[in-house]
Number of protein chains: 6
Amino acid sequence: MTNTPVRAISAFPAADPADLSALPDDIAARIMAVQEKAGFVPNVFLAFARRPEEFRAFFAYHDALMDKPGNLDKAEREMIVVATSAANQCQYCVIAHGAILRVRAKNPLIADQIAGNYRKADITARQRAMLDFAMKVSAGAATTGPEDVAALQSHGFSTEDVWDIAAIAAFFGMSNRMANVMALRPNDEFFAMGR
Amino acid sequence: MTNTPVRAISAFPAADPADLSALPDDIAARIMAVQEKAGFVPNVFLAFARRPEEFRAFFAYHDALMDKPGNLDKAEREMIVVATSAANQCQYCVIAHGAILRVRAKNPLIADQIAGNYRKADITARQRAMLDFAMKVSAGAATTGPEDVAALQSHGFSTEDVWDIAAIAAFFGMSNRMANVMALRPNDEFFAMGR
Amino acid sequence: MTNTPVRAISAFPAADPADLSALPDDIAARIMAVQEKAGFVPNVFLAFARRPEEFRAFFAYHDALMDKPGNLDKAEREMIVVATSAANQCQYCVIAHGAILRVRAKNPLIADQIAGNYRKADITARQRAMLDFAMKVSAGAATTGPEDVAALQSHGFSTEDVWDIAAIAAFFGMSNRMANVMALRPNDEFFAMGR
Amino acid sequence: MTNTPVRAISAFPAADPADLSALPDDIAARIMAVQEKAGFVPNVFLAFARRPEEFRAFFAYHDALMDKPGNLDKAEREMIVVATSAANQCQYCVIAHGAILRVRAKNPLIADQIAGNYRKADITARQRAMLDFAMKVSAGAATTGPEDVAALQSHGFSTEDVWDIAAIAAFFGMSNRMANVMALRPNDEFFAMGR
Amino acid sequence: MTNTPVRAISAFPAADPADLSALPDDIAARIMAVQEKAGFVPNVFLAFARRPEEFRAFFAYHDALMDKPGNLDKAEREMIVVATSAANQCQYCVIAHGAILRVRAKNPLIADQIAGNYRKADITARQRAMLDFAMKVSAGAATTGPEDVAALQSHGFSTEDVWDIAAIAAFFGMSNRMANVMALRPNDEFFAMGR
Amino acid sequence: MTNTPVRAISAFPAADPADLSALPDDIAARIMAVQEKAGFVPNVFLAFARRPEEFRAFFAYHDALMDKPGNLDKAEREMIVVATSAANQCQYCVIAHGAILRVRAKNPLIADQIAGNYRKADITARQRAMLDFAMKVSAGAATTGPEDVAALQSHGFSTEDVWDIAAIAAFFGMSNRMANVMALRPNDEFFAMGR
């Protein structure tokens, strides 16, 4: 395995984390902030930086869905990302958000369990219902209907939670597609994080 | 057919176009601007208004992709929306963006042709290649690769165009899922527009 | 869009509506009758005319299913055509029968709603059950069984109605395949009819 | 296996071959003719007899496609029926037309080979191309195009042959759906015929 | 049909039944035993003989599942093989095990009925439940769960039976894949056996 | 996440690693040997132990495929397991064999890359061809043919290698189905192994 090729960060030109001077100030600032917090710059930031307007909209949308208060805790939001990204075969998203899920859940096993088959993971019945709906939004949104909302309500989810689950599945469906087209490479740091 | 039920705008609470006072100023202003330009408020604006941060991110992303300059003209961008939304069975997106496509292309036939089967539509070989790639991003992004980029380049598309096609397909994949979960109803005005 | 290519009526030789003299008398007569009634000759007649025996069987079958009395009204029969043809991506059938559906239902919205996603259309629960069964016949007839008949009966459909729904879905499944292989072009007149 | 249930001919009422007097004369005559020739009445005749207009159109269409002259011999036409009916899981059609194929081809092995997996059957490269196209018409007609016609032409098929292959696949697609909805039972006589 | 090509036993080199001297003694003995019992050597033995360790493991696994005592009789075990092999389009397995099923069930019709569409076969409700589960294991094992076990238990199946059904479906899923990759040819003797 | 349920090893009764006395000697010995080598007993051994004949055949088959010499090194064999198990959503197999792959390849990243999307992993073109074929065997063996063998040969694979790739994909397809039906739980030790 010594001669294994190593893929580039992205099939499109990406920003250089060592030289952010060419980027708009707000984008450079966001990247420096994440660098400071995480200790490295997740490649998704470098890959989107070339399109400043899309960068801003993408991360604003991300933050609106993932950092908001609500009945879904942060680990549960990441569970949705990991389960739907695995179904979409998005290597970057499964690995990067798998790491975040481990950290958020303080559980070194949960991300690989959900990526492998969420139906066999150590989750509650409520979380199973949440992921079943997220997967339906991801793979067959055209067939969703009131019966899905009723099933979620029977597990204590509110109307706002239903929107949150759907929106997270839909947003990361977009992210999964972009990451796959870019062949976005997960940073090496993600693989062992939270284990 | 006299007793046909008429669906609500959305399965979730939606803003009332006759009373925008409860909305944040920037969102009310955007809605008034589109009302003035189009003569009515497309329901997607009313449905998203209840989530101001998501509203802002959604339309910022939309504008970044659909109003930008590039080798794809505005009608071609709408072709991507119509073809992929039809595959995702998004009634709202096919009808609303079908209307916009007719207007942008000054062609009363093109939207229904593409929604029905883009492979049989009156489009150029270059547009066919564009839509083939958009559909692959929509339905099988995990299998995209350099061979897809090469196919597009043989039709004169640049790297930036490849990103644009992928990003439009991915963004509307998200939009399609949200509209289907909301059961978002297309405004009556769209059906005859541009015919 | 000025240089858009315009497709031929069919990928196979088609009859010339201005010269029907080469056709068998009964076929020419049928074409002239539809011309008189509709004001134009739908291309499906011109495309099938080259095969007189198939033409006769095709339209005899069509008439037996679409013009017969029964609990399904004519608009409902066209709903089945539009929903299943959309799933089969038959551009000709969606556009031509969408036009007929608008006329039959005196409803300018219904065809595009059903073609987009019949689950989100302004239809009754009974019509939804009818279309659910038609779609199952179209995409998974091998799995139909007594439980499907029972579901239809609970909405007031008779055994004869069940046959009618199945037969319309099956017949247009054939028609959809032929139209797609022919790349049958919808006449321009259909697009605005009934709006 | 002694108490195995035996299914009825059809889930719908079927004609009684011992009493054809209730049927229209032409339909009774057709049934008597096939009885005389085959030694029994294939159940498809009895199942369709209750709908005389559909019976006439169905068998007229069948005869137009299966008994016509052309580059496809009668065994090859039956190969198309068997391959596509197997894909559609139509028990009646695979068993009944498998029997006819064995007789037409004077080959006791060919029907089971094709029903099992036509790609591994003892057929010529030309027949393989014919069946590949028939299967594409059956399962993905929306994606057929000039490249399929070219592939067939390279094996010596004419434009008329292309139509024949497509029409047979499309017609039996209809037949498969009706037989599955009816749960049409193959006559016992078919199973050993031609072996 | 006179010039029909006849396929080889396997796309890989296979043992010659007339000269088993090159094979390990235990494998030659097993082949001679089956020859003596059946009157011919099923090609699967000749095709696997080149890989003695795999041969031994394959047939040991086969025997452990198919010859064991339990609530499933031998015909029912073969029903599982035929139904799942048909879904996997394994020509060899459908034809060879269809023959064995006819013999085990003393029923000349059952194999072709199940291969065509097991949902329309002359089987009991209990056997239908058995095959529904086997098909789910074959095509969607990731979604199986306690509800499937409960459904089987309501038909009188024990936990051991559930394992047996799953194991037979899984083992022949492996066999189907190998036979398809080898293009394993069914012996002529199988086609008429038990009719 | 404090109240997360923890799944049992298997939905079926499993052997107790602390008391192997009830098991046949050879099976107890194999389990003790793996315990000694790995430091723990992978749950697949405990889950299969209740069926001694199947246990013996399963692991004999496994060893014949995974420990044999050939052009595929041991890491490459595990790559096939991980890629196909991910497609089959087998949580146990992805996690257990992902761990073994990391150890065999001395590469902490490769397993998660391949499980996420092997097309975007750090592998050679030869390994990509190997995995493309393995995935085709796993998901569409009925359509494999000489063109697949030719593609592999162009990357230097021999006929024996083709068999090995197919057999590994087929064997683990069986294993994936059994593990999913059992809801086989990966041992905690696997998750961090080789990172």
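In region E:109-133, burial by the other protein chains removes 30 Å² or more of accessible area from E:109, E:112, E:113, E:116, E:117, E:119, E:120, E:122, compared with the chain on its own (1.4 Å probe, ligands and nucleic acids ignored).
Here's the picture: charge each Lys and Arg Cβ at +1 and each Asp and Glu Cβ at -1 in chain B, and of B:121, B:173, B:14 the one pushed furthest to the positive end of that dipole is B:121. In the context of the full set of protein chains, region C:129-195 has a per residue accessible area of 28 Å² (1.4 Å probe). Divide the volume of the convex hull around the Cα atoms of the protein assembly as shown by the residue count and you get 181 Å³ per residue.
Within the listed set D:32, D:66, D:130, the residue fluctuating most in the Gaussian network model of chain D (springs between alpha-carbon atoms under 10 angstrom) is D:32.
Taking the Cα centre of chain B as origin and assigning +1 to Lys and Arg Cβ atoms and -1 to Asp and Glu Cβ atoms, the resulting dipole is close to 500 debye. Solvent-accessible area assigned to carbon and sulfur over the protein assembly as shown amounts to 55 percent, based on a 1.4 Å probe.
Ascending distances from the residue E:154 label point to its copies in the other chains, with the point 7 Å along the Cα-to-beta-carbon line: 1.4, 1.4, 5.3, 5.3, 5.5 nm.
Relative to the other identical copies, residue D:6 shows label-point distances of 3.8, 5.9, 6.0, 6.3, 7.4 nm, where the label point lies 7 Å from Cα along the Cβ direction and values run shortest first.
Taking every DSSP helix (H) stretch of at least 4 residues in chain A, weighting each as -39,500 (n - 2.57) and dividing the sum by the residue count yields a mean residue ellipticity at 222 nm of -20000 deg cm²/dmol. Count Lys and Arg as plus one, Asp and Glu as minus one, and take only other residues whose Cβ is under 12 Å from that of residue D:31; the net charge is then -3.
Between D:48, D:172, D:157, the residue with the greatest mean-square fluctuation in the GNM of chain D (Cα pairs under 10 Å linked by springs) is D:157.
Charged side chains reduced to their Cβ positions (Lys and Arg at +1, Asp and Glu at -1) give region F:103-181 a dipole of some 280 debye around its Cα centre. When the Gaussian network model of chain C links Cα atoms closer than 10 Å, the mean-square fluctuations of C:121, C:75, C:29 top out at C:29. When chain F is turned onto chain E, its residue with the beta carbon nearest the axis, and that distance in whole angstrom, is F:174, 2.
Peptide packing for E:158-164, B:37-43, F:55-61, C:21-27 was compared via the average number of neighbouring C-beta atoms within 10 Å per residue; ordered from the highest value, the list is F:55-61, E:158-164, B:37-43, C:21-27. Once A binds F, the 1.4 Å probe can no longer reach about 2900 Å² of accessible area, counting both sides. Distances between equivalent label points of residue E:143 across the copies, with each point positioned 7 Å along Cα→Cβ, amount to 0.7, 0.7, 2.0, 2.0, 2.1 nm, shortest listed first. Measuring spread by the Cα atoms of region B:49-143 yields a radius of gyration and Dmax of 13.7, 42 Å.
Within the shell defined by Cβ-Cβ distances under 9 Å, the residues around residue D:64 carry a net charge of -1, with Lys and Arg each +1 and Asp and Glu each -1. Can you list the residues, at least 5 places off or on another chain, whose amide H is less than 5 Å from the amide H of residue A:16, using H built in the peptide plane? Those lying under 5 Å, H to H, from residue A:16: there are none. The mean count of C-beta atoms from other chains within 10 Å of the C-beta of residues in D:157-167, rounded to a whole number, is 3.
What separates the Cα centres of region A:118-181 and region E:75-106 is a distance of 40 Å. Out of every Cα-Cα pair in region D:23-79, what percent are more than 12 Å apart? Counting every Cα pair in region D:23-79, those more than 12 Å apart make up 70 percent. Over 28 Å apart at the Cα level, from the set F:74/F:120; B:74/B:136; B:68/B:106; C:120/E:120; E:68/F:136, are C:120/E:120; E:68/F:136. By the gyration tensor of its Cα atoms, with a ≥ b ≥ c the square roots of the eigenvalues, what is the shape of chain E: rounded for a/c under 1.5, prolate for a/b over b/c, or oblate? Judged from the Cα gyration tensor, chain E comes out prolate (a/c at least 1.5, a/b above b/c). Helices of chain F meeting both criteria, an alpha-carbon length of 18 angstrom or more along the long axis and an average Kyte-Doolittle score not below -1.0, with helices taken as full DSSP H segments, are F:25-38, F:52-66, F:74-87, F:91-105, F:125-140, F:159-182. The local environment of residue A:12, defined by Cβ-Cβ distances under 10 Å, has a net charge of +1 under the rule Lys, Arg +1 and Asp, Glu -1. Taking label points 7 Å from Cα along the Cα-to-Cβ direction, residue A:26 and residue F:40 give a separation of 4.8 nm.
The values are calculated or read from the model by the stated rules, or taken from the named source; none is laboratory data. If you're wondering where the values come from, they're calculated on a predicted model, not measured in any experiment. Positions of Cβ are backbone-derived with ideal geometry, glycine not excepted, and every protein chain shown enters the neighbour counts. For accessibility, only protein heavy atoms count, side chains too; no ligands or nucleic acids. Shrake-Rupley method; radii C 1.70, N 1.55, O 1.52, S 1.80 Å.
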